[in-house]
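Read-outs: derived from the displayed coordinates by stated rules, not from any lab. Bear in mind the structure is a predicted one, so any value in this text is a computation, not a measurement. So basically every Cβ, Gly included, is an ideal-geometry build from the backbone, and we count neighbours across all protein chains shown.
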Amino acid sequence: MANPILAEEIQKRRIFGIISHPDAGKTTLTEKLLLHGGAIREAGTVKARRNAKFATSDWMEIEKQRGISVTSSVMQFNYRDKMISIMDTPGHNDFGEDTYRILTSVDSAVMVIDGAKGIETQTKKLFKVCAMREIPIFTFVNKLDREARDPLDLMQELEDVLGLPSVAATWPIGSGMNFQGIYDRLENKVFLYKVDKEIQLGEDGVFGPELEEELSSFNLQNLRDEIELLEGAGNDFDRELIDAGKLSPVFFGSALADFGVTPFLNHFLDMTPAPGPRKTINGQVEPTDEEFSGFIFKIQANMNPAHRDRLAFFRICSGTFERGMTATLSRTGKPIKLSQSTMLMANERETVDKAYAGDVIGIYDTGTYQIGDTLTTKKEKLFFEPLPTFPPELFALVLPVNTMKAKHFQKGVAQLAQEGAIQVYHNEYNEIIIGAVGQLQFEVFEYRLKNEYNADIRMNHLDFQLARWVKTDDLEKVKRLMDSRTMLVFDHFDRPLILFANQFTLNYFVERHDDIELVEALDVTEEF
Ligand code: G4P
């Protein structure tokens, strides 16, 4: 019989990530959500966390120097009867592979879009990861207090650019100087912006008389036309499609003005799922399964360089975690006592004694774990679906400055590669080439090699933007085809890849050599 305490704890939990292009308002929205949940008392706290002044002593030096968050953590708050965790995904320049991997630990995503700009590049990339996982995606169109684009156009853009149909949960009444408020279609309520008032509309919704009185100087015809169009031609609220990530409920508002955030939060909580089953290599695991299981999705070099310890970010997929328990590491089959564990919160790290399916905890690691590892108390071998690796977009050739220290250099490179901090390749001459999805990954790599492995490096940026694995029986032929805009390299399983200068070079190559198969994303261990 299912454990009722476990089942109740799972039902309370909601774990999501916020994705956006830099400056769309992710931090501001996060902050408002935390304020609503009483987790922080003043606006500015989340921003302040990114500020050097507030960086706590155990953060990596580089974070302090740059005032950014390399570490991502979980921000937790209670609202209504729910315990909500926002997985913080690094943004701005600190964008890296971690950002993608964090999205493998969440059960839903909120996509924040700047109402004046629409969908931007980084949103597109992050969206792809969410789409791959088929998790529900909620859209918050932000900055309505400024002049915004036509809301119907923005919804059309979701469909055209991302292939994501949407359904409006709330609807804006004007924008910028003329921003009057939002209409909550689900509650049939209007929230007025300038006078900060809520009106419950009658049976006729926006077509009834209630709004006319309040918005006498506003031309309501436009709003009514839009609502008519949404009702006639828009998508229905199909919960099945929403749950599968195939239909996105859209909300409008201003995170800065904390307007439209409450209706968003309430509807979001009604629709976003509690932790559900997780796929394994040969089936799935239910969260209510009594046996403990979960996987590591990120390893963070820990805070104390003297000990070189690390923190493994672990998503619990089933059962209950208790500090001191023993679980088996599936990759090696060895039992491990999980004695040091921590809850990852915005600013503090608290020891955690008990945690449930859906929670993310930090486990201290002395070099035992790898990204994607499964830990479980189940008797049978269990492996959660492998985390995908993402093709890097930035490349550099690295050399040790001091060849006498080549050993330190090699050891450091190997360990950082194993940690998943960076992609490491070699060319035919056994030179090392590193690949990243964000510039900061290079900086962190350089910093850690110097500080943890005492190896100074020289880094030459390479003019390539794309990498594709190449499946071929005739590697010699591929070698002959390489020119100044392509380069053949090998990953640490010795699988060949071609680096391309840009999309044009790649397309040209594909057109001319249709006998050579190129692959964009691979499972970590797939062999060929
Ligand atoms: P990000 O995390 O997605 O990168 O965005 P962030 O919340 O930091 O917001 C980026 C900028 O946009 C900030 O201004 C922020 O105040 C502003 N902003 C966020 N939401 C809204 C909104 O609803 N309306 C308006 N008008 N502005 C909004 P900044 O000047 O770059 O920073 P700050 O000096 O205000 O901190």
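So how much slack lies between residue 204 and residue 339, counting 0.36 nm per residue of separation and subtracting their Cα-Cα distance, in nm?
Here the segment from residue 204 to residue 339 would lengthen by 42.6 nm.
What full-extension length gain, to one decimal in nm, is calculated for residue 194 and residue 222 as 0.36 nm per residue of separation minus the Cα-Cα distance?
8.2 nm
Set Lys and Arg Cβ to +1 and Asp and Glu Cβ to -1, take the dipole of the chain about its Cα centre, and tell me which of 205, 316, 104 lies farthest positive.
316
I'd like the distance separating the alpha-carbon centroids of the range 437-458 and the range 211-274, in whole Å.
Cα centroid to Cα centroid, the span is 46 Å.
By the gyration tensor of its Cα atoms, with a ≥ b ≥ c the square roots of the eigenvalues, what is the shape of the range 166-302: rounded for a/c under 1.5, prolate for a/b over b/c, or oblate?
It is prolate, given that a/c is not under 1.5 and a/b is the larger ratio.
Give me the net charge of residue 212's neighbourhood, meaning all other residues with Cβ under 12 Å from the Cβ of residue 212; Lys, Arg count +1, Asp, Glu -1.
Charge balance in the 12 Å sphere: -3.
Expressed as a rounded percentage, what relative contact order does the chain have, with Cα pairs under 8 Å and six or more residues apart?
13 percent
Consider all pairwise Cα distances in the range 97-167 and report the whole-number % of them above 22 Å.
I get 21 percent for the Cα pairs in the range 97-167 exceeding 22 Å.
List the trypsin sites (Lys or Arg not before Pro) within the range 176-263 that fall in a DSSP loop (any state other than H, G, I, E or B) and whose Cβ has at most 14 other Cβ atoms within 10 Å.
Loop-located and lightly packed - 194.
Compute, for the range 215-329, the length of the dipole vector about the Cα centre, with Cβ point charges of +1 (Lys, Arg) and -1 (Asp, Glu) only. Units Debye, rounded to 20.
The calculated dipole for the range 215-329 is roughly 820 debye.
Counting other Cβ atoms within 10 Å, keep those with at most 14, restrict to DSSP loop, and tell me which GluC sites (Glu not before Pro) in the range 169-266 are left.
When the GluC sites (Glu not before Pro) of the range 169-266 are filtered for loop state and at most 14 Cβ neighbours within 10 Å, 203 remain.
Set Lys and Arg Cβ to +1 and Asp and Glu Cβ to -1, take the dipole of the chain about its Cα centre, and tell me which of 140, 257, 297 lies farthest positive.
297
Assign unit charges at the C-beta atoms only (+1 for Lys and Arg, -1 for Asp and Glu), then state the dipole size of the chain relative to its Cα centre in Debye, rounded to the nearest 20.
With Lys and Arg at +1 and Asp and Glu at -1, about 2300 debye.
Within 10 Å, count the other beta carbons around each residue, average over each peptide in 281-293, 414-426, 473-485, and list them highest first.
Final packing ranking: 414-426, 281-293, 473-485.
Under a point-charge model restricted to the Cβ atoms of Lys and Arg (+1) and Asp and Glu (-1), what is the dipole moment magnitude of the range 388-523 relative to its Cα centre, in debye to the nearest 20?
500 debye
Taking only the alpha-carbon atoms of the range 388-523, what semi-axes of the equivalent ellipsoid follow from 5 times the gyration tensor eigenvalues under a square root, in whole Å, largest first?
28, 14, 13
Highest mean first, how do 114-123, 14-23 rank when packing is the count of other Cβ atoms within 10 Å averaged over residues?
14-23, 114-123
Can you classify the chain as rounded, prolate or oblate using the Cα gyration tensor, where a ≥ b ≥ c are the square roots of its eigenvalues, rounded means a/c under 1.5, and otherwise it's prolate if a/b beats b/c and oblate if not?
Cα axes put the chain in the prolate bin.
As a test, work out the antiparallel percent of DSSP beta bridges whose residues both lie in the range 388-523, rounded to the nearest 5.
100 percent
Give the angle, between 0 and 90 degrees and rounded to the nearest 10, that separates the Cα long axis of helix 26-36 from the longest principal axis of the Cα atoms of the chain.
Helix 26-36 sits roughly 60 degrees off the main axis of the chain.
Provide 469, 171 in ascending order of the number of other Cβ atoms located within 10 Å of each residue's Cβ, fewest first.
If I rank by nearby Cβ atoms, fewest first, I get 469, 171.
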